[in-house]
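Presented below is the structure to which this report refers.
Laboratory data are not the source of any read-out in this text; all were calculated from the coordinates shown. The shown structure was predicted, so the numbers you read here are calculated from the model rather than taken from an experiment. All Cβ positions, even for glycine, are placed from backbone atoms using ideal geometry, and neighbour counts span all protein chains on display.
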Amino acid sequence: MDNPFARFAGTRTIQADLSLLEENYVPDSFPHRETQINEMVTILSSIMRGSRPSNIIVYGKTGTGKTSTTKYVTKMLMEAASNVSVVYVNCEIYDSPYSILVAIANYASAEKIPELGWPIDRIYRETLERIERSGRFFIVILDEMDRLIRKSGGDSLYVLLKLMTDADSVKVSMIGITNDTTVLENIDARIKSRLNQESIVFPPYNASEIRDIISSRLEKVLGPNVVDETAINLCAAIGAQEHGDARKAIDLMRIAIEIAIRENRNRITESEIYEARERYEMNVLREAINTLPLHSKILLLSAIVTQEIEPNSVITGEIYENYRRICDDLGFSALSPRRISDLLTELADYGLLVMDDRNMGKYGRTRSFSIVRQAEIIKKYLLEDENLSMFKSSKIPKQARFET
Ligand code: ADP
Ligand code: MG
């Protein structure tokens, strides 16, 4: 055979610093966000005159530049004013009043506070003291704030507001970032009015804006003329379709460049973008499957197994039978049919199954399901779960077709 390594030989034609396209890299130029940056700078600039800035709420869908723009502006503020500390809190991880105080306290002083175990008033006092001792302004960024509020209502905001007012010398203000515009509607009116916030809105990008963003991001990554104009346009169009999401567009471009480098190609064209999209979607599918609870995984596996015998859509009862067999084999106790019916509907909501409700006249309603696509791939991802790995080598038990 031809040497399979031959096509990897020779110098790489594309040189690229792909770390500049990673999610957490903060660029230093933000096309089409001049207005939002100006608004934020204007509000925060009161720090330069020694007074506490208003709280800010940043609204906008995912991928509209909220996190990176806020990080960029606050970084410049820290450079301009030596007495400012910016505490970035990702509320996906820090989602209670306690954990937010810990994040702030641990930022204010090197001595670590335990993540658990102190009474809340003790940690509150400690945080307050640490901030006072430092004599600095604190800007607390609550990113993904909607999660925090969903989890702990207004309690965490209440604690922050209390910090803001409890001592004259303490200067704390907050920048809350959220993609849910209704997030503040459900919290206590008193908390809401005391927040006294200014809002900054990040609208979705259109295709031409995303095109400018990609071009500006690529400047530092690659030499000129490596990426076709048509490839940039395609990326931008996909991002714009997806609620004006610059993140997806940049991710696609990064994956496309990775593919070109790996395959030793010297240009990025539309076809690399299409390949990248394919890979991106596989990753999303895989992530969706990996994070399912175990019984939903077993159920999805049962649906696949059932459909292998019954190529069209399969009814809930059949899936349930196979689900019970698989549970038996694994030594798990099966959930009730009722619960399973809920889980199946949930899988359909996630887009992993297609649900079809049909009215059968005097026989009542039947609900059937089919596998969306790529059953083999879904199965492969499911079997990545250790609990199910025995099916990699052995056959999955299934029952023959139902007689109807
Ligand atoms: P959000 O927090 O709104 O979901 P991000 O700030 O994380 O969005 O932005 C998503 C990605 O797109 C990040 O990699 C970010 O650097 C990039 N990005 C967004 N807007 C711009 C812009 N105007 N210029 C350059 N890069 C941008
Ligand atoms: Mg964000």
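Given contacts defined as C-alpha pairs under 8 Å and at least six residues apart, what's the relative contact order of the chain, whole-number percent?
Details: 551 pairs, mean separation 67.5, N = 404.
Relative contact order here is 17 percent.
In a Gaussian network model over the chain where Cα atoms closer than 10 Å are linked, find which of Phe369, Phe138, Phe202 has the largest mean-square fluctuation.
Evaluated over the chain, the most mobile residue of the options is Phe369.
Too long at a 23 Å Cα-Cα cut-off: which of Lys151/Lys171; Lys151/Lys379; Lys66/Lys248; Lys248/Lys379? Working shown, then result.
Working: Lys151/Lys171 26 Å; Lys151/Lys379 33 Å; Lys66/Lys248 14 Å; Lys248/Lys379 26 Å.
From Lys151/Lys171; Lys151/Lys379; Lys66/Lys248; Lys248/Lys379, over 23 Å: Lys151/Lys171; Lys151/Lys379; Lys248/Lys379.
Quick one: what are the phi-derived ³J(HN,Hα) couplings along the range 138-148, Karplus 6.51/-1.76/1.60 with θ = phi - 60°, whole Hz, x for glycine and proline?
10, 10, 9, 8, 9, 7, 6, 4, 4, 5, 4
Please state the relative contact order of the range 1-152 as a whole percent: Cα pairs under 8 Å, 6+ residues apart?
Values: 118 pairs, mean separation 35.2, N = 152.
Relative CO of the range 1-152 lands at 23 percent.
Apply the Karplus parameterisation 6.51 cos²θ - 1.76 cosθ + 1.60, with θ equal to phi minus 60°, to every residue of the range 86-97 and state each ³J(HN,Hα) to the nearest whole Hz, in sequence, with x for glycine and proline.
So the Karplus estimates, Gly and Pro as x, are 10, 9, 8, 10, 8, 6, 5, 9, 9, 10, 9, x Hz.
When you count, for each residue, the other Cβ atoms within 10 Å and take the mean per peptide, how do 266-279, 205-218 rank with the highest first?
Details: 266-279: 17.7, 205-218: 19.4.
Result, highest mean first: 205-218, 266-279.
Which of the GluC sites (Glu not before Pro) across the range 100-157 are loop residues per DSSP, with 12 or fewer other Cβ within 10 Å?
Values: sites: Glu111, Glu115, Glu126, Glu129, Glu132, Glu144; in loops: Glu111, Glu115, Glu144.
Here the sparse-neighbourhood loop sites are Glu111, Glu115.
Taking Cα atoms of the range 99-253, Rg/Rh with Kirkwood Rh, to two decimals?
Details: Rg = 20.9 Å, Rh = 18.6 Å.
My calculation puts Rg/Rh at 1.13.
How about the range 19-91: which chymotrypsin sites (Phe, Trp or Tyr not before Pro) there lie in a loop by DSSP and see at most 16 other Cβ atoms within 10 Å?
The qualifying sites are Tyr25.
Taking the Cα centre of the range 14-155 as origin, work out the dipole magnitude from +1 charges on Lys and Arg Cβ and -1 charges on Asp and Glu Cβ, in debye rounded to 20.
Details: 16 positive and 19 negative charges, 81 e Å.
In debye, rounded to 20, the range 14-155 gives about 400.
Grab the other residues whose beta carbon is less than 14 angstrom from that of Ser152, score K and R as +1, D and E as -1, and report the net. Walk me through the intermediate numbers first.
On the way: positive: Arg147, Arg150, Lys151; negative: Glu92, Asp95, Glu144, Asp146, Asp155, Asp188.
Charge balance in the 14 Å sphere: -3.
Apply the Karplus parameterisation 6.51 cos²θ - 1.76 cosθ + 1.60, with θ equal to phi minus 60°, to every residue of the range 25-36 and state each ³J(HN,Hα) to the nearest whole Hz, in sequence, with x for glycine and proline.
6, 9, x, 10, 8, 10, x, 6, 10, 4, 4, 5
Looking at the range 288-362 from every direction and averaging, what is the projected area of its Cα convex hull in nm²? Could you put the intermediate results ahead of the total?
On the way: hull surface 22.0 nm².
So the mean shadow area of the Cα hull is 5.5 nm².
Which residue fluctuates most in the GNM of the chain (Cα springs below 10 Å): Val183, Val172, Val305?
Fluctuation is largest for Val305.
Taking other Cβ within 10 Å of each residue's Cβ, how do Thr182, Thr230, Thr316 sort, fewest first? Please list the in-between numbers first.
Values: Thr182 8, Thr230 12, Thr316 19.
Result, fewest neighbours first: Thr182, Thr230, Thr316.
Starting from the amide H of Ile175, placed 1.01 Å from N in the peptide plane, find each other amide H under 5 Å away whose residue is 5 or more places distant or on another chain.
It is Ile56, Val140, Ile141, Leu142, by chain and number.
Quick check of the Kirkwood formula: for the chain, what is the inverse mean of 1/r over all pairs of different Cα atoms, in Å?
Numbers: mean 1/r = 0.0398 Å⁻¹.
About 25.1 Å, per the Kirkwood formula over Cα pairs.
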